[in-house]
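Heads up, the thing below is written out as structure tokens.
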Amino acid sequence: IRDGERTIIAQTVRVQDIESYTVRDRDRPKRDARVGMLPPKLAQIIINLGAGRLSENQLTNICDMPANAGRQTPELDSTALDPFCGTGVVLLEAALMGYKVYGSDLEPRMVEYSTKNYEWLQNRFSVRAQTPIIETGDATTHRWPVHIDFVAGEGYLGRPFTSLPDGETLAQTISDCNVIFKKFLKNIHGQIPSGTRLCLAAPAWQIRPGQFRHLPLLDSLGDLGYNPISFEHVRSESLLYYREGQIVARELLILTSK
């Protein structure tokens, strides 16, 4: 590409496999629109932001592994925890990227769904042999007995809204979500080493185009024992995932424990 007096040369090294994303999004046996439909691509983003800096060897293996039939993922020792695993989308994507996976959810039905979807993944795609840990547990009180290298998941997003609710309903929903996230962060803080990285999809509510209400706890993360991670080239308001006109957006919180 000509750029004034410069010539910029680039090489395409990865092409995303849209068909594979679609299969993993729509063909897994257990889905539930009531608990949200986390897109696999967003799950990968959450995992990458939770894992943090990767080695060069890992980077060469991380892009959409299912597109490379028969190629084995790197033998990673890192364990990814999703404490709100739902139907297991984050667990499936983390397994495809070579991580050991540990999932828990408050609802036994979601644990069953995650387990069934993981079995489907092993039969459908090339996944290294591992036995995932998927168990029932309330994220606000549960104890995760194994070493956790990083946390990646989508927390409770509250009630789904197709239109902006009245002020009282919105305030109650924000309060309910804030309590759950706050209790979870307090609960897991003593179970992970200092410096452990977390990426959580949290709700943010679009009250008018481009204007959002956020969880109140974002103003007291330091008091809860966490440091928010900021990025040099990305503003925090850019870490919002939503469609045009969508009321409940996903806000990506990237934290490290103190």
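For the range 188-209 versus the range 125-148, the inter-centroid distance based on Cα atoms is 18 Å. Note on the chain: with a GNM built from Cα contacts shorter than 10 Å, the maximum mean-square fluctuation among 52, 103, 210 falls on 210. Within a straight-line Cα-Cα reach of under 16 Å, residue 182 can be paired with the following lysines, leaving aside sequence neighbours fewer than 8 residues apart in one chain: 258. Residues 110, 37, ordered by accessible area of protein heavy atoms at a 1.4 angstrom probe radius and largest first, appear as 37, 110. Spacing of the modelled spin labels on residue 78 and residue 109, each 7 Å from Cα toward Cβ, amounts to 3.4 nm. Once you sort the root eigenvalues of the Cα gyration tensor of the range 120-188 as a ≥ b ≥ c, which label holds: rounded (a/c under 1.5), prolate (a/b larger than b/c) or oblate (the other case)? It is oblate, given that a/c is not under 1.5 and a/b is not larger than b/c. The amide H of residue 161, built 1.01 Å from its N in the peptide plane, has 248 as neighbours under 5 Å, considering only residues 5 or more places off or on other chains. Protection proxy ranking of 134-144, 18-28, 88-98, by the mean of other Cβ atoms within 10 Å over each peptide's residues and highest first, is 88-98, 134-144, 18-28. In units of the rule-of-thumb radius 2.2 N^0.38 Å, the chain shows an alpha carbon radius of gyration of 1.04.
Remark on residue 226: its backbone amide H falls under 5 Å from those of 258, a criterion applied only to residues 5 or more positions apart or on other chains, H modelled at 1.01 Å from N. Taking every DSSP bridge with both residues inside the chain, close to 55 percent are antiparallel.
The values are calculated or read from the model by the stated rules, or taken from the named source; none is laboratory data. Since this is a predicted model, take the numbers as computed values, not measurements. Please note: Cβ atoms are built from the backbone with ideal geometry, for glycine as well, and neighbour counts cover all protein chains shown. Accessible surface areas use protein heavy atoms only, side chains included; no ligands, DNA or RNA. Shrake-Rupley method; radii C 1.70, N 1.55, O 1.52, S 1.80 Å.
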